[in-house]
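I have placed the structure first, in the form of structure tokens, so that the comments after it can refer back to it.
Where a number appears in this text, it was derived from the coordinates with a stated rule and is not lab data. Please read these numbers as outputs of a predicted model, since none were measured by experiment. Neighbour counts are summed over all protein chains in view; Cβ atoms, including those assigned to glycine, are modelled from backbone coordinates with ideal geometry.
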């Protein structure tokens with residue numbers, strides 16, 4: 001049974017972590033990360049899926065690829081796969097002639113990068129007045145909770161026309177989707193991180209990295225470990241109409257290894273971690 005999404009930002013903060021400040025883990029959804037390294041998720045090639053049989057809970061082992069398939073199927077069945085188009089298609093990536101909708105959805109709150117240790121007076125002006133004088137830790141927690149709430153709210157829409165998103169909005173909706181499905185897709189301990197592939201200045205392309213090894217270097221993808229995978233629906237929307245695959249593996253040996261995506265990823269080697277969430 002899936003857990004219903006929260007109805008406003010306050011309940012979202014409680015739902016994803018008990019409180020927005022501590023980032024403690026909730027019983028029904030992912031906790032807001034504290035900015036520290038991800039908790040170990042075991043790094044194994046298989047996980048367990050709870051199910052009910054004769055009134056008792058049994059654990060069915062899922063392979064790593066089955067987990068990836070379940071995540072991708074959920075994404076493609078959501079608004080991200082049925083109504084979203086790319087607002088800013090890239091010629092080098094776009095293989096299917098995706099056109100932007102007239103209704104461009106924007107306005108996802110900017111994230112305070114996880115490694116940010118100071119906030120300028122100008123940046124504080126963009127923060128609600130009641131929070132501007134709060135400690136940096138609380139501002140990070142507020143930023144993550146607000147960003148996640150946007151994604152959850154977006155997925156509640158019942159559109160009648162295509163919705164055009166950029167990669168940042170898509171990443172927010174992806175994390176919101178994984179949050180609002182409770183623990184049916186990802187087992188406890190999976191770390192979800194929002195990365196930016198920096199292309200110029202502070203701007204770039206947003207994506208979600210899942211289950212990166214806790215001892216790895218977040219800025220060196222080669223160290224992330226065999227259990228790590230990327231979710232990039234922005235890229236997938238430009239690849240195929242018949243079988244979209246938002247889940248990408250950089251390492252060979254998986255049906256989700258995509259040489260075209262590896263080429264795209266390696267063209268933008270500068271990475272930045274913007275937020276961490278834990279299932």
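Please sort 118-126, 190-198 by packing, taking for each peptide the average over its residues of neighbouring beta carbons within 10 angstrom, highest first.
The peptides rank, most packed first, as 190-198, 118-126.
Going by average Cβ neighbours within 10 Å, how do the peptides 155-161, 263-269 rank, with the highest at the top?
263-269, 155-161
Assign one of three labels to the stretch 83-232, namely rounded, prolate or oblate, based on the Cα gyration tensor with a ≥ b ≥ c the square roots of its eigenvalues; rounded applies when a/c is under 1.5, prolate when it is not and a/b is larger than b/c, and oblate otherwise.
Verdict is rounded for the stretch 83-232.
What length, rounded to one decimal in nm, is gained on full extension from residue 82 through to residue 198, with 0.36 nm per residue of separation minus their alpha-carbon distance?
Separation in residues times 0.36 nm, less the Cα-Cα distance, equals 38.9 nm.
Normalised radius of gyration for the stretch 200-241, please: alpha carbon Rg relative to 2.2 N^0.38 Å, two decimal places.
Rounded to two decimals, the normalised Rg is 1.38.
Just check the stretch 194-268 against the gyration tensor rule for me: Cα atoms, a ≥ b ≥ c as the square roots of the eigenvalues, rounded for a/c under 1.5, and otherwise prolate or oblate depending on whether a/b exceeds b/c.
Judged from the Cα gyration tensor, the stretch 194-268 comes out oblate (a/c at least 1.5, b/c at or above a/b).
Fewest first, what order do 75, 230 take by the number of other Cβ atoms within 10 Å?
With the fewest neighbours first, 75, 230 line up as 230, 75.
Using just the C-alpha positions of the stretch 164-232 as equal point scatterers, what log10 of I(q)/I(0) does the Debye formula give at each q in 0.20, 0.24, 0.28 1/Å?
These q points yield log10 I(q)/I(0) values of -0.88, -1.13, -1.28.
Please work out whether the stretch 144-279 counts as rounded, prolate or oblate from its C-alpha gyration tensor, where a ≥ b ≥ c are the square roots of the eigenvalues and a/c under 1.5 means rounded, while otherwise a/b larger than b/c means prolate and anything else oblate?
Cα axes put the stretch 144-279 in the rounded bin.
For residue 263 and residue 136 in one chain, what is 0.36 nm times their gap in residues minus the Cα-Cα distance, to one decimal in nm?
Full-extension gain reported as 42.0 nm.
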